[in-house]
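Trainee: This is the structure I have questions about; it appears just below.
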Amino acid sequence: APDPEVEAVCRAAVVRVAAAGVGGVEAGPVLPDVIGPVARRFYGGMVPADRADREDDEQAARITPGLAEILRNAVDLVSPDSVEGARRAAQARHKLSRRRNHATLIYEASTRTARSFQAAKLRLGGEVVATAGGVKFSSVYKGENLADSVRAAGSYADVVVLRHPDVRSSYEAAYQLDQLTTRLGTRSVVISGGDGVGEHPTQALLDLFTIVDFQGSPDGRTVTLVGDLAHGRSVHSLAKLLALYGADGLRLELVSPESLRTPPGIIDFVSDRGVQVYETDSLEEVIGTSDVIYWTRVQQERFESEEDYEAIAGQFIMTPEVFAKASDDVILMHPLPRKHEMGTEADHAILDSDPRSVYFHQMQNGMYVRMALLAGVLGAHE
Ligand code: ASP
């Protein structure tokens, strides 16, 4: 369970705050303590362990301690509320100005993750080392492997944001960066920007942040995840993060066609941590009682055949008529991009103007959450 003190600070801090200015930061919500549990994905400053350890989430969680503390400090960084806080923010800014690069290694299409990391870094006063057009125009095009591309990025930048089609590629990258540390003395860390059908931890952070921002707390809430729950990495990470957050009385409803159900490992992970899980293929059954509806795209690029995709592509389409069945207090989320699963463009226009739709806030929150995360992993408060 989260440290109660951190929790109190962070829950109270879920407001839009005026910033005292970190390299041009103007305003933004500050980060609640939803982050500590997923620290395992962020390999900030940890001592190299062997590769086997990396493959165990729980182990990795233990070797990356104190992220809750780092993130509480990030609150200060954005909005110091005391002389002491302002002093710490000034010191942190000074440190960030010395350790301020991040490189993006984007092997798969990305709009929001890549751009919001870039924007976050620029707002924090740093620089981004990126290849225009992702890795397509780098040595990857010549056949270079992940390890060597990661080594190159890690020797030029302090943080490497990696999006890659292989599950666990971020673990591989973290391992390679630690090896590089022993050879070159670099101190780069990797942040996963999504690993194939595996996970998307920073998306989960911004999603949970958005839930806390709009619904106050996940305690006692019903969160309904809908769509391609088999291949959707954002829902995998969100389910795990909700479970790790330790919300009391949380109910997770998983709505998908039979062939696109949530991987059993994820169900076990959340059930073992006391979350009540309900799987169904009937949206009708659950839509009226949800507090959070999290809609997702059918991940077409993960299907082996066009026929398999076509067979289920038309299921679970969110339209204004479907949304009318949800409660007045619900929030509708979507990690985006959206396609036909949110209806036609005319449907989009109606859904977008519904005050219960928060997916654009969710998208913007990604930048704020990533700012705090970058400040944390760059050691702004060490
Ligand atoms: N943008 C999200 C992701 O990269 C969701 C999606 O692509 O459907 O996983």
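Trainee: Taking the mean number of other Cβ atoms within 10 Å as a proxy for protection, how do you rank 192-200, 334-342 from highest to lowest?
Mentor: My ranking of the peptides, most packed first, is 192-200, 334-342.
Trainee: How are the alpha carbon pair distances in the range 222-262 distributed across 5 Å bins from zero to the largest one, expressed in percent?
Mentor: 6, 25, 32, 21, 12, 4, 0
Trainee: Under 1.5 on a/c is rounded, so check that first for the range 254-308, then, if it is not, pick prolate when a/b is larger than b/c and oblate when it is not; a ≥ b ≥ c are the square roots of the alpha carbon gyration tensor eigenvalues.
Mentor: Oblate shape, in that a/c is at least 1.5 and b/c is the bigger or equal ratio.
Trainee: Ok, one more. Given the C-alpha atoms of the range 255-371, compute the convex hull and give its volume per residue in Å³.
Mentor: That works out to 143 Å³ per residue.
Trainee: Jot down the radius of gyration and Dmax of the range 127-242, Cα atoms only, both in angstrom.
Mentor: According to the Cα coordinates of the range 127-242, Rg and Dmax are 16.8, 52 Å.
Trainee: Let me ask something additional. Output needed for the range 282-329: three equivalent-ellipsoid semi-axes, defined as square roots of 5 times the C-alpha gyration tensor eigenvalues, in descending order, whole Å.
Mentor: The equivalent ellipsoid of the range 282-329 has semi-axes of 27, 10, 9 Å.
Trainee: For the range 149-199, just the Cα atoms, rotate onto the principal axes and tell me the three extents in Å, largest first.
Mentor: 33, 15, 14
Trainee: Next question. For Cα pairs less than 8 Å apart in space and 6+ apart in sequence, what is the mean separation divided by the residue count of the range 180-240, i.e. the relative contact order in percent?
Mentor: 41
Trainee: Based on the Kirkwood radius over alpha-carbon pairs, what is the Stokes-Einstein translational diffusion coefficient of the range 106-189 at 10 °C with 1.306 mPa s viscosity, in µm²/s?
Mentor: Using the Kirkwood radius from Cα pairs, D works out to 119 µm²/s.
Trainee: Can you compute the charge dipole magnitude of the range 331-377 about its Cα centre, using +1 on each Lys and Arg Cβ and -1 on each Asp and Glu Cβ, nothing else charged? Give it in debye, rounded to the nearest 20.
Mentor: Result for the range 331-377 is approximately 240 debye, rounded to the nearest 20.
Trainee: I would also like to ask the following. Enumerate the amide H contacts of Val160 below 5 Å, restricted to partners 5 or more residues apart or on another chain; note that Pro and chain-start residues carry no placed amide H.
Mentor: Under 5 Å from the amide H of Val160: Ala103, Val189, Val190, Ile191.
Trainee: Which of the peptides 137-149, 163-175, 263-275, 354-366 is most tightly packed, and how do the rest follow, judged by the mean count of other Cβ atoms within 10 Å per residue?
Mentor: For the peptides 137-149, 163-175, 263-275, 354-366, the packing ranking is 163-175, 354-366, 263-275, 137-149.
Trainee: Starting from the amide H of Glu279, placed 1.01 Å from N in the peptide plane, find each other amide H under 5 Å away whose residue is 5 or more places distant or on another chain.
Mentor: Long-range HN contacts for Glu279: Leu254.
No value in this document is a laboratory result; all are computed from the given coordinates. Since the model is a prediction, treat every value here as computed from it, not as a measurement. Cβ atoms come from the backbone with ideal geometry, glycine included; neighbour counts cover every protein chain shown.
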